[in-house]
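Have a look at the structure below before the remarks.
The values are calculated or read from the model by the stated rules, or taken from the named source; none is laboratory data. Just so it is clear, the model here is predicted, and its values are computed rather than measured. Methodologically, a virtual Cβ is constructed for each residue, glycine included, from the backbone with ideal geometry; neighbour enumeration extends over all protein chains shown. Accessible surface areas use protein heavy atoms only, side chains included; no ligands, DNA or RNA. Shrake-Rupley method; radii C 1.70, N 1.55, O 1.52, S 1.80 Å.
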Amino acid sequence: MTQQAIDKEALRKKYIEERNKRLRADGNAQYLEVKGQFGHYLEDPYTPRVEREPKTDHVTFAFIGGGFGGLATGARLVEAGIGDVRIVEKGGDFGGTWYWNRYPGAQCDTASMIYMPLLEETGHRPSEKYAHAPEILAQCQRIGRQYKLYDNALFHTQVRSLTWDDARSRWLIQTDRGDAFTAQYIGLGTGPLHVPKLPGIHGIETFQGHSFHTSRWDYEYTGGDPLGAPLVGLADKRVAIIGTGATAVQCVPHLARSSKALFVFQRTPSSIDVRNNVPIDPDWFASIATPGWQQRWLENFTANQAGGNAEVDLVQDGWTDLARRIREQIRKLAPQERTVPKMLVAYEDADFEKMEEIRARVDAIVRERETAAKLKAWYRQLCKRPCFHDTYLQSFNADSVHLVDTDGKGVERITATGVVVAGKEYPVDCIIYASGFEVGTAYQRRAGFDPVGRDGRTLSEHWSQGMRTKHGMHVHGFPNAFFVQPTQGANLISNVPHNLTEAARTIAMLVAHARDQGHQQIEVTEAAERAWVELMLTSVGRMTQSPDCTPGYYNNEGQDPGPAARLNVGYPAGATAYFKYLDEWRRSGRFEGLAFR
Ligand code: NDP
């Protein structure tokens, strides 16, 4: 598609119109917290809870969260000779998001070779370019077994308080299972998307049929399994799915194949790029899996996404494609013209081109013209989570599948027997909520605790004006605590595990250093934290947060997130530069900015 063929002004106008349709004054408050009469939506359908005695002992390291962050950190600590690592996890096993999200079709959207942690260490060859959820969960379990992290883990356990005891240089950890144990160090890796939310639709509590959230899939009701066996329980059911985000895009094809009738309730269409999943050839894998291969792949993907030497593109997918297009547009500029405004125009041009292709793809696949028109996404690709799928759009060609578009308004009402849009009731037996997870709510609400650091100061007090850290990991006044998450670090959202595995390396190195030098405490100095925050404030932020973006969790539902959100950024020079900087910081052995006592 050439730039000349694109009417940019018309597109800009259309994007604003579509955004304005969706803006609502209640922002994040439009969603229902899953509690009270909805509390059963949070129950674990996968693993029975096992009774156990409360723990009152001491461990060197406790990690809150048994997903990729906890597993990678646990593994690196064990490698460094720190064996008594206790992972505390609210699910019934390791896996984090991959423990909960077992809906049919669940699959990683980032290539397995870089997405799945510790492939080289565990010797696992991914079966497909984009592995399905059961394989990712199995990799988590493999890491748990290989590094003996199961021995000390506490599952089905939610931390209720974390309190620093300065005199004894340790944290007191209390949980909903009556545990009250101590740890010299803690890691916090609770993940960004782990608290399901429900749409605040009028009458939602009155529905008399069956219902569940996608992150607690009810296979007992639907039949089938996470590997994709037909959902035979739905053969005589009229099924509604509310939401068309990344989750719905993956499970709709499965629901479409099995349900007697499927109604897909859409507020905003997702952009659906090609998936092109392929099996990984064992011979090819053997040829590339030479020592250090996964780190090389990680660095290459990040270089293609976020600056660096990107001459080769090992991964070659939808993420690197957009980045390549942006680079090509920028290359067309003479060196003296490479100013921020011109680069933003180049970025917009690349985006228009990409989105026009994505919209043309809808027309090429969906037979019914009116349905095709409604499935087109009218916003810049990174305003919402980009999706990639080769059978989602095709699902709407089946006679039993009905797209119920709400023209940006959302479902009007839920009754005892069905779902109402524009005054019309669609009677259904089952409603599946693909309505996502809490993002814009307070950290303490999502985590379920508010860490209490030195002198009784809480994290919410320390962060009342926005997040304050060094490297997104160290917080002044919270000694021996490590936050494992991307913000104020690389902030690489297209491959979140890369952020986490680098953090794991750092933590293991610091804890081993303190042990070897006989130190009891590690803490970032106030000056170093302040300097890092000031550096973060020089970041231009995510280019994705264009003011004309349609509402969603990427942009606080289109509402001004307040000045504190200015700190929800990454290293100004980009992810590649951040990882290089971090590597040098670690290698120096001086760990500048941290005080060891
Ligand atoms: P999302 O928050 O992305 O989607 C929620 C959906 O519910 C949206 O389509 C939203 O519409 C819709 N919705 C909300 N309220 C209403 C309403 N009142 N009426 C009708 N529709 C409504 O949740 P997901 O679970 O899909 O995805 C969350 C994130 O999890 C993804 O963005 C991604 O980061 C991650 N994920 C990753 C996957 C992977 O890597 N493979 C797979 C799945 C998820 P609207 O858009 O208008 O707000």
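How many of the residues in segment 283-305 are closer than 16 Å to A111 by Cβ and open to solvent by less than 70 Å² (accessible area, probe 1.4 Å)?
Of the residues in that region, 14 qualify.
Mind checking which residues of segment 203-237 are among the basic types (K, R) and touching a Leu at 6+ places or on another chain (Cβ under 8 Å)?
Just the residues of segment 203-237 that are among the basic types (K, R), to begin with: 216, 237.
Hit for segment 203-237 is R216, nothing else.
Please go through segment 178-202 and pick out each residue that is open to solvent by 10 Å² or more (accessible area, probe 1.4 Å) and either more than 24 Å from R102 (Cβ to Cβ) or not in a loop (DSSP other than H, G, I, E, B) (or both).
Matches in segment 178-202: G178, A180, T182, Q184, K197, P199, G200, I201, H202.
Quickly run through segment 83-108 and pick out the residues that are within 14 Å of the ligand (Cβ to nearest atom) and open to solvent by 10 Å² or more (accessible area, probe 1.4 Å).
Result: G96, T97, W98, W100, N101, R102, Y103, Q107.
Could you pull out the residue among E79, E17, E53 that is away from the ligand (no atom under 16 Å from the Cβ), among the acidic types (D, E), farther than 20 Å from F181 by Cα and open to solvent by 30 Å² or more (accessible area, probe 1.4 Å)?
Going through E79, E17, E53 in turn, just one is away from the ligand (no atom under 16 Å from the Cβ), among the acidic types (D, E), farther than 20 Å from F181 by Cα and open to solvent by 30 Å² or more (accessible area, probe 1.4 Å): E79.
Counting just the residues of segment 545-583 that are assigned to a helix (DSSP H, G or I) and among the charged types (D, E, K, R), which one comes out nearest to G245 (Cα to Cα)?
Of all residues in segment 545-583, those assigned to a helix (DSSP H, G or I) come to 553-558, 563-567, 575-583.
Then keep just the ones that are among the charged types (D, E, K, R); that gives 557, 566, 580, 583.
Values: E557: 14, R566: 26, K580: 34, D583: 36 Å.
Filtering segment 545-583 for residues that are assigned to a helix (DSSP H, G or I) and among the charged types (D, E, K, R), the one nearest to G245 (Cα to Cα) comes out as E557.
Check every one of the strands (runs of 3 or more DSSP E) wholly within segment 1-91 and list those with 1 or more residues that are over 30 Å from Q266 (Cβ atoms).
58-64, 85-88
Considering only segment 508-528, state which residues are in a helix (DSSP H, G or I) and surrounded by fewer than 22 Cβ atoms within 10 Å (Cβ to Cβ).
Across segment 508-528, the qualifying residues are M509, A512, H513, A514, R515, D516, Q517, E526, A527, A528.
Kindly indicate whether any position in segment 583-596 is of a type in the set (A, V, I, L, M, F, W, C) and modelled with pLDDT under 95.
First pass over segment 583-596, keeping only residues of a type in the set (A, V, I, L, M, F, W, C): 585, 591, 594-596.
Among the residues that remain, those that are also modelled with pLDDT under 95 are: none.
There is no residue in segment 583-596 that is of a type in the set (A, V, I, L, M, F, W, C) and modelled with pLDDT under 95.
Any idea which of (1) touching a strand residue (DSSP E or B) at 6+ places or on another chain (Cβ under 6 Å); (2) outside the structural domain of G178 (by TED's automatic domain parsing); (3) open to solvent by 30 Å² or more (accessible area, probe 1.4 Å) is the one Y41 doesn't satisfy?
Here Y41 meets the rest and fails (3).
In segment 314-325, which residues are over 17 Å from A573 (Cα atoms) and either in the same structural domain as Q381 (by TED's automatic domain parsing) or open to solvent by less than 40 Å² (accessible area, probe 1.4 Å) (or both)?
V315, D317, G318, W319, T320, D321, L322, R325
Which number in (1) of a type outside the set (K, R); (2) in a helix (DSSP H, G or I); (3) in contact (Cβ under 8 Å) with a residue 12 or more places away in the chain marks the one condition that A138 misses?
That leaves (3) as the condition not met.
It is to be established whether one or more residues within segment 493-501 are modelled with pLDDT of 95 or more, away from the ligand (no atom under 16 Å from the Cβ) and assigned to a helix (DSSP H, G or I).
yes
For residues in segment 239-266 being surrounded by 22 or more Cβ atoms within 10 Å (Cβ to Cβ) and assigned to a loop (DSSP other than H, G, I, E, B), which is farthest from the ligand (Cβ to nearest atom)?
Across segment 239-266, the extreme among qualifying residues is S259.
Between A434, A442, A422, which is exposed (fewer than 15 other Cβ atoms within 10 Å of the Cβ), within 14 Å of the ligand (Cβ to nearest atom) and either modelled with pLDDT under 95 or not polar (S, T, N, Q) (or both)?
Numbers: A434 fails: exposed (fewer than 15 other Cβ atoms within 10 Å of the Cβ); A442 fails: within 14 Å of the ligand (Cβ to nearest atom).
Being exposed (fewer than 15 other Cβ atoms within 10 Å of the Cβ), within 14 Å of the ligand (Cβ to nearest atom) and either modelled with pLDDT under 95 or not polar (S, T, N, Q) (or both) holds for just one of A434, A442, A422, which is A422.
With A360, A377, A372 as the choices, which residue is open to solvent by 10 Å² or more (accessible area, probe 1.4 Å), over 18 Å from A240 (Cβ atoms), at pLDDT 95 or above and not β-branched (V, I, T)?
Only one candidate passes the filter, namely A360.
Under the condition of being surrounded by fewer than 20 Cβ atoms within 10 Å (Cβ to Cβ) and among the charged types (D, E, K, R), which residue from segment 445-474 is farthest from the chain's Cα centre (by Cα)?
Among those that are surrounded by fewer than 20 Cβ atoms within 10 Å (Cβ to Cβ) and among the charged types (D, E, K, R), it is D455.
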